[in-house]
Amino acid sequence: MTRFGTWQPKIRGKLFYNWPQGACEEALCFNDADQLGSKPYDVVIVGAGVVGCGLAYQLSQYELRVLLVDRLHDVGEGTSKANSAIIHTGYDAKPGSLESKLLHEASADWPGLAARLKIPLDPIGGIMMAVTDEQERQLEAAEKNAHANRATDVRILSAAEIREREPNASPNVRGGLLVPGESLVDPFMASIAYAEIALANGVDILLGADIAGVELGQPPGAPLHHLVTADGHRLPARRIVNVAGLGSRRLADGYGGGAFDINPRRGQFLLFDKSARPLVQHILLPVPTAHTKGVLVAPTIFGNLLAGPTAEDLPLDDPAATHTTVEGIRRVVEGGSRLVDGLARQPVIATYAGARCACSQGSYV
Ligand SMILES: Cc1cc2nc3c(=O)[nH]c(=O)nc-3n(C[C@H](O)[C@H](O)[C@H](O)COP(=O)(O)OP(=O)(O)OC[C@H]3O[C@@H](n4cnc5c(N)ncnc54)[C@H](O)[C@@H]3O)c2cc1C
């Protein structure tokens, strides 16, 4: 337990890249499963997004042999690098749901966790803004919902109170909900810091290894399974954790892992120049609809401003799942401009898109 969360000067884990010979330093090149040692892993985590890296960090406090695997060239290169980068309080979740419980607990943990990970977290707070009469009528229910989710500091603001806090709020603003607990985080460093500490604490990491199949131990119930990479390496594991994000369904199909569907729901963003940062002081959120939380406008932890995301359902293997489109960007500008006056005149430095896991069985399967 003493090692947990502390930086170790001596790296105890091994880092390998499953890249062609010559593509990386020889010592880091993975070409044989024997390089990982003769003992099977107690746990192999498939997917080095923020969830897999966070799990590796947690498990690294125990005396376990753990391997973290990803098909991409670095950790946090999937959905974890293309999102709104907000630590939510869960004020708008369904009270009593697992999502409400997890968001409440996680948002309380984050300040301490960010300090341990040595990553920036900015508790800037959010304002959900009603810009139509219909949305204004929803504020009271939204406040009650927030309190039921234990976000007890959430309260209704008048239009004048919003303008005082947000001088560039849309002239259509009717009122809103102050959500003091919403924070900004560095989405890239969250995965990297988790993984670096896990590695230092003894977790092995294998990158560039696409897990194509799972051979369950035989006879059924036998304690040793194998993960098989697309290029034929077999990785022995007592336990396998499938946190492969959009790839998790295909992996689960390989071991009869349950009937659920996962499809990408694309979210496109605009990133504005740092000169646009003074335009807003909080995370500005629209009143959500049944389908989407809508387009928000928020500072980033790096001092830029971002607007997005869209919510576009795409087929699982659509190679465009992380592309931006003219139509998507138009919708982001339109949505953001409903909240912030003058947004469309700000200089844009980049566009990007991330793909959420949309699951018709609900958020958690
Ligand atoms: C538009 C948008 C906005 C969002 N905004 C927020 C927000 O503000 N706050 C928030 O908390 N969350 C937000 N999210 C959600 C958040 O980004 C995700 O919940 C989180 O990143 C999921 O992490 P993950 O580790 O499960 O998935 P991922 O980051 O996708 O990681 C899965 C990993 O598995 C790997 N993989 C897949 N298949 C295989 C295979 N066969 N073999 C080996 N590796 C494999 C992938 O390469 C990937 O690296 C947003 C998401 C989107 C898309």
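Read-outs throughout are calculated quantities, based only on the coordinates presented, and are distinct from any laboratory measurement. Everything numeric here is computed off the predicted structure, so don't read it as measured data. Backbone-built Cβ (ideal geometry, glycine too); neighbour counts: all protein chains shown.
Assorted remarks:
- GNM top mover of 56, 290, 114 - the chain, alpha-carbon springs below 10 Å: 290
- Leading residue at positive end of dipole, the chain (Cβ point charges), from 201, 346, 286: 201
- Proximal charge balance of residue 69 [Cβ under 12 Å; K/R count +1, D/E count -1]: -2
- Listed residues 271, 130, 260: farthest to the positive end of the dipole of the chain (Cβ charges): 130
- Every Cα-Cα pair of segment 305-352 was included, and the share exceeding 18 Å stands at 32 percent.
- Assigned charges on the beta-carbon of Lys, Arg, Asp, Glu; segment 1-140 dipole about Cα centre (debye): 660 debye
- Of 39/81; 10/118; 118/274; 144/293, those spanning more than 29 Å from alpha-carbon to alpha-carbon: 39/81
- The chain: antiparallel DSSP beta bridges as a percent of all, rounded to 5: 65 percent
- Within segment 209-271, chymotrypsin sites (Phe, Trp or Tyr not before Pro) in DSSP loop having at most 15 other beta-carbon neighbours inside 10 Å: 255, 260
- For segment 6-76 versus segment 184-219, the gap between their alpha-carbon centres in whole angstrom: 6 Å
- Environment charge at residue 199 (Cβ cut-off 10 Å; Lys +1, Arg +1, Asp -1, Glu -1): 0
- Mean-square fluctuations from a GNM of the chain, with a 10 angstrom spring cutoff on Cα atoms, peak among 99, 166, 327 at 327.
- For the chain, built as a Gaussian network whose Cα springs stay under 10 Å, the top-fluctuating residue of 153, 204, 74: 153
- Placing +1 on each Lys and Arg Cβ and -1 on each Asp and Glu Cβ, with no other charges, gives the chain a dipole about its Cα centre of roughly 500 debye.
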